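The structure appears below as structure tokens.
The values are calculated or read from the model by the stated rules, or taken from the named source; none is laboratory data. Computed from a prediction, not measured in an experiment: that's the story for all the values here. All Cβ positions, even for glycine, are placed from backbone atoms using ideal geometry, and neighbour counts span all protein chains on display. For the accessible areas, the whole protein counts, side chains as well, though only heavy atoms, and no ligand, DNA or RNA atoms are used. Shrake-Rupley method; radii C 1.70, N 1.55, O 1.52, S 1.80 Å.
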Amino acid sequence: MIDIGRVRLFCTSPGPVGAPALLLVHGWGGDGREWSPHAEALAERFRVIVPDLRGHGRSEVPGLGNTPAEMAADLAAVTEALGTGPVVAVGHSMGGQVVNLLAVRHPELVRSVIALDPAHGAHGAEVDGIPTRLAEYRARGARAAAEFVAGAFSPQAPPGLRTAHVRTMLGTPDHVIAQSYAGMYTDPDAVGIRPQSEAYLRRRTRPALTVWTSAEAADWERGFLPTPGSRVEHWPGTGHYLHEERAERTVRLIREWVDQR
């Protein structure tokens, strides 16, 4: 457990101290356990920092402030406390939004970004459904979120993966579910809806690799990559939890990205 003053976060950091640092960040209603195969494989070469975000997993649960913006500030404090130097920040879903916010607001702490099916760029019918979903999360919390997450997997997902995520989501406090969702999409400083996403991503000065399961989203983000060395990939036929459905491919992707830098 790391006490950064603003909150106490559970965090593991296998790998050699002084080695290049990777920061692996889970998404909404998850925890750092989903990165276990990746951390084990990558710790041979890297110091692998795997936190549970505030309100999630084994970390402290604040009554307020369980938003991506506050989570990014937490991770800035964690990297400074661990003395890692600039990190390659890898995030899935809401974690993808968090690591991009970290790169925009604390560029001195980030070497580059890998965002996997990130929680930004919402548009069209997805945006139209946000008020209804938020009302459901405020009324029913983790139960409503678990119903949503149950549909996020492809037929090729490993056995037990859906059940594991539904169970982890159900263990997340209800107010954290609602605050995190609002922090992604409806709060005044939220960046999850496409116009706001474009504005904040254009402020990112660090190279970024984004992997989408949606071809449309991949084409959208390819349209504005202001930082040299950035790129976007599309992985078809994969569910939202692509880093777990294709764990070995994700490990190779991270290694190759770091080596190319």
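The range 84-119 and the range 121-139 have their alpha-carbon centroids 24 Å apart. Packing around the peptides 92-98, 214-220, 195-201, taken as the average count of other Cβ atoms within 10 Å per residue, puts them in this order, highest first: 92-98, 195-201, 214-220. Which percent of the accessible heavy-atom area of the chain goes to carbon and sulfur, probe 1.4 angstrom? Exposed carbon and sulfur together represent 52 percent of the surface.
If packing is taken as the mean number of other Cβ atoms within 10 Å per residue, what is the order of 150-162, 15-27, 106-118, highest first? Write down the numbers at each step before the final one.
Values: 150-162: 13.2, 15-27: 21.0, 106-118: 22.5.
The most tightly packed comes first, giving 106-118, 15-27, 150-162.
Full extension of the segment from Gln156 to Arg105, taken as 0.36 nm per residue of separation minus the current Cα-Cα distance, would add 14.7 nm.
What is the dipole size for the chain, taken about its Cα centre, with +1 at each Lys and Arg Cβ and -1 at each Asp and Glu Cβ, in debye to the nearest 20? Present the calculation step by step, with values, prior to reporting the outcome.
On the way: 27 positive and 29 negative charges, 62 e Å.
I would put it at about 300 debye.
Could you tell me the calculated FRET efficiency between Asp259 and Arg222, based on Cβ-Cβ distance and R0 = 30 angstrom, to the nearest 0.05? Intermediate results must be reported in sequence, preceding the final value.
Numbers: r = 23 Å, r/R0 = 0.75.
Step by step, r from the Cβ atoms, then E = 0.85.
At a threshold of 8 angstrom on Cα-Cα distance, excluding pairs fewer than six apart, so keeping six or more, what relative contact order does the chain reach in percent? Across the chain, relative contact order equals 20 percent.
Solvent-accessible surface of the chain, averaged per residue with a 1.4 angstrom probe and all protein chains in place: 40 square angstrom. With the chain treated as a Gaussian network of Cα nodes joined by springs under 10 Å, which of Thr84, Thr210, Thr227 yields the largest mean-square fluctuation? The residue with the greatest mean-square fluctuation here is Thr227.
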